[in-house]
Amino acid sequence: MKITKLTVVIMSLGFMECCNQPATTSTAVEKDTIKSGEMKAMIPESSCYAGTNGKDSFFLKMEVFPNVVTGKLDYNFAEKDRNTGDIDGVLKGDTLIADYTFKSEGTSSTRQVAFLIKGESVVEGYGPMEEKENKMIFTDMSKIDFSGTPLKQVPCGEK
């Protein structure tokens, strides 16, 4: 298939159109953009969650594709620097396991995060971690305790 400037513009407009739609919680689907079998665009299932604990607030946006999850995760601590970054992971049943790459105090870091999805809320899990290849990872997934602050589902775009 020859890609012309017109094709790129049409594809860009289609991408912009899908990204400007309100987020839904429908399942990820394949959409034919040109002819059946030639090009397919994956439309993710989008879900957003927010919560507070005292003066601290938290926000999670998940973009769920068939075999990966991407999104944003923000921790806004009242007395500390804010942590804001991206997640990249997978769903294992009702549990999201992801790498969280974030900036805090001017330094970029990566650590593993886990969230248990419970209906219209998610709860972060905590457990023993160790540093491996410049990333903090869980040492034993079976020891993750999902007792963090529950985040309730909110419309995407709101915190």
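List of remarks:
Quick grid of which residues meet (1) part of a strand (DSSP E or B); (2) polar (S, T, N, Q):
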position	(1), (2)
Ala78	no, no
Asp81	no, no
Asp86	yes, no
Val90	yes, no
Lys103	yes, no
Ser108	yes, yes
Arg111	yes, no
Phe115	yes, no
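- Number of the condition not met by Glu131 [criteria: (1) farther than 22 Å from Lys61 by Cβ; (2) outside any strand (DSSP E or B)]: (2)
- Within the stretch 139-158, considering residues that are in a strand (DSSP E or B) and of a type in the set (D, E, K, R), the one surrounded by the most Cβ atoms within 10 Å (Cβ to Cβ): Lys152
- Tabulated pairs, the stretch 57-81, first without any contact (Cβ under 8 Å) to a residue 12 or more places away in the chain and in the same structural domain as Gln112 (by TED's automatic domain parsing), second part of a loop (DSSP other than H, G, I, E, B) and crowded, with 19+ Cβ neighbours inside 10 Å, C-beta under 6 angstrom, 6+ apart or interchain: none
- Taken as a whole, the condition of being more than 20 Å from Thr52 (Cα to Cα), surrounded by 13 or more Cβ atoms within 10 Å (Cβ to Cβ), in contact (Cβ under 8 Å) with a residue 24 or more places away in the chain and of a type outside the set (Lys, Arg) applies to Leu91.
- The number of residues in the stretch 116-144 that are in contact with a strand residue (DSSP E or B) (Cβ under 9 Å, 6 or more places away or on another chain) and within 16 Å of Lys92 (Cα to Cα) comes to 11.
- Among the residues listed as Ala50, Ala41, Ala28, Ala114, the single one being at pLDDT below 75 and under 18 Å from the mean Cα position of the chain (by Cα): Ala28
The values are calculated or read from the model by the stated rules, or taken from the named source; none is laboratory data. Computed from a prediction, not measured in an experiment: that's the story for all the values here. Glycine gets a Cβ as well: all are built from the backbone with ideal geometry, and neighbour counts include every protein chain shown.
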